[in-house]
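What follows is a set of notes on a single structure, which appears directly below.
The values are calculated or read from the model by the stated rules, or taken from the named source; none is laboratory data. Everything numeric in this text was worked out from a predicted model, so none of it was measured. All Cβ positions, even for glycine, are placed from backbone atoms using ideal geometry, and neighbour counts span all protein chains on display. Quick note on the areas: whole protein, heavy atoms, side chains included, nothing else; ligands and nucleic acids left out. Shrake-Rupley method; radii C 1.70, N 1.55, O 1.52, S 1.80 Å.
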Amino acid sequence: MLNEFDIDVIELDRWICCGLYHGLTVDTAYQAVAPIRNLIWAQTNAEKLSIDNNYLLTLCSMCYNILKSAHLRYLRDENIVKRVKAYLNDEPEYKGNIKVIHFIQVLDEIVSYSKIKEKLVNNLDGLKIAAFYGCTLLRPREVAIDNSENPQVMQNLPRILGAEPITYPYVNQCCLGYLVTKRPDLVWKRPADITNSAVDKGAKIFVTTCPLCAYNLLEGQKNVFGDVKRSVFYESELIAYALGKYEYLKNDRLNLSENILKGV
């Protein structure tokens, strides 16, 4: 979708997991190794390709959080710098100039919602949506993309597309994340509560950016209700449909979008 706004997205030549699981280690310096390695590779890519900016784009909320947090720790803590350099002695030195940016920030700060509105083909006609941030886009405060208590950035795009974001109490709550891999029995009630709250406020769909939130919301509904009460969409899918770029959507997602808008 970003190509539609003259933004070229170049995948890194080399990349690894953002480093989420390393965050479970006791060694706080080791927690920064994987994300800093990714930032070094982004730095190397930018230099090799003569890219005129230092943006590293992420789609996943957790990847954004981990990479941005590691970057800030590296800039502030000399002990982290020393330890990470020891772990990464086979890599170039990280210069600390990579700007980790989330997809939503690109839409808001670089593309601008006014440009998106200019390309609108399919108005979402007052479709009531429940934005779901989860926790990693808004916490801790130093990496938050918006006000953690009253976030609006994820609702602004659907408004531009003609949808109506609802207000409900679970908008910035945790979906219980990776606990689902160990104790799913403790997880499913949370997404069911989130869904019931959104349905009570009239929402027809969820919109999120986090793959894990999307998974837990869907699987939680299936496990508690036996079916999916409200489908989950990514913001990029809403844009693709609203701009008439159906080739960017899988057939099942396109059909689902059309059925929801028709009230099927």
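For segment 34-70, what are the residues that are part of a helix (DSSP H, G or I) and more than 18 Å from Arg14 (Cα to Cα)?
Across segment 34-70, the qualifying residues are Ser61, Met62, Asn65, Lys68, Ser69, Ala70.
Taking segment 115-168, which residues are under 22 Å from Val199 (Cα atoms) and of a type in the set (D, E, K, R)?
Within segment 115-168, Asp125, Lys128, Glu149, Arg159, Glu164 qualify.
Quick one: is Tyr234 surrounded by 15 or more Cβ atoms within 10 Å (Cβ to Cβ), more than 30 Å from Glu4 (Cβ to Cβ) and in contact with a Ser or Thr (Cβ under 7 Å, 6 or more places away or on another chain)? Please lay out each step first, then the result.
Working: surrounded by 15 or more Cβ atoms within 10 Å (Cβ to Cβ): yes; more than 30 Å from Glu4 (Cβ to Cβ): no; in contact with a Ser or Thr (Cβ under 7 Å, 6 or more places away or on another chain): yes.
It is false that Tyr234 is surrounded by 15 or more Cβ atoms within 10 Å (Cβ to Cβ), more than 30 Å from Glu4 (Cβ to Cβ) and in contact with a Ser or Thr (Cβ under 7 Å, 6 or more places away or on another chain).
Can you name every residue in segment 213-229 that is open to solvent by 10 Å² or more (accessible area, probe 1.4 Å), in contact with a helix residue (DSSP H, G or I) (Cβ under 6 Å, 6 or more places away or on another chain), in contact (Cβ under 8 Å) with a residue 12 or more places away in the chain and closer than 22 Å to Met154 by Cβ?
Passing the criteria: only Lys229.
Assess whether Ala198 counts as being more than 22 Å from Met62 (Cα to Cα), touching a residue at least 60 places away in the same chain (Cβ under 8 Å) and in a helix (DSSP H, G or I).
Yes.
Test Leu59 against the stated conditions and say whether it is aliphatic (A, V, I, L, M) and open to solvent by 60 Å² or more (accessible area, probe 1.4 Å).
Considered against the rule, which asks whether it is aliphatic (A, V, I, L, M) and open to solvent by 60 Å² or more (accessible area, probe 1.4 Å), Leu59 comes out as yes.
Evaluate segment 173-180: report whether one residue or more is among the aromatic types (Phe, Trp, Tyr) and modelled with pLDDT of 95 or more.
no
Scan segment 160-190 residue by residue and report those that are outside any loop (DSSP other than H, G, I, E, B) and either in contact (Cβ under 8 Å) with a residue 12 or more places away in the chain or of a type in the set (Phe, Trp, Tyr) (or both).
Ile160, Glu164, Pro165, Gly177, Tyr178, Val180, Pro184, Val187, Lys189, Arg190
Quick check on my filter: what residues within segment 166-178 are of a type outside the set (A, V, I, L, M, F, W, C) and open to solvent by 20 Å² or more (accessible area, probe 1.4 Å)?
Answer for segment 166-178, where residues must be of a type outside the set (A, V, I, L, M, F, W, C) and open to solvent by 20 Å² or more (accessible area, probe 1.4 Å): Thr167, Pro169, Tyr170, Gln173, Tyr178.
Out of (1) assigned to a helix (DSSP H, G or I); (2) under 16 Å from Ala240 (Cβ atoms); (3) over 17 Å from the mean Cα position of the chain (by Cα), what's the single condition that is false for Asn123?
Result: Asn123 passes all but (1).
Can you tell me which residue within segment 186-207, out of those that are open to solvent by less than 10 Å² (accessible area, probe 1.4 Å), β-branched (Val, Ile, Thr) and under 23 Å from Arg253 (Cβ atoms), is nearest to the chain's Cα centre (by Cα)?
Val207
Given the criteria touching a Phe, Trp or Tyr at 6+ places or on another chain (Cβ under 7 Å), among the aliphatic types (A, V, I, L, M) and open to solvent by less than 20 Å² (accessible area, probe 1.4 Å), does Val143 qualify?
no
For segment 78-115, which residues satisfy the criterion of being out of contact with any Lys or Arg (no Cβ under 8 Å at 6 or more places or on another chain), in a loop (DSSP other than H, G, I, E, B) and open to solvent by 60 Å² or more (accessible area, probe 1.4 Å)?
Asn89, Asp90, Pro92, Lys95, Asn97
Yes or no: segment 174-183 includes at least one residue that is touching a helix residue (DSSP H, G or I) at 6+ places or on another chain (Cβ under 7 Å) and of a type in the set (S, T, N, Q).
no
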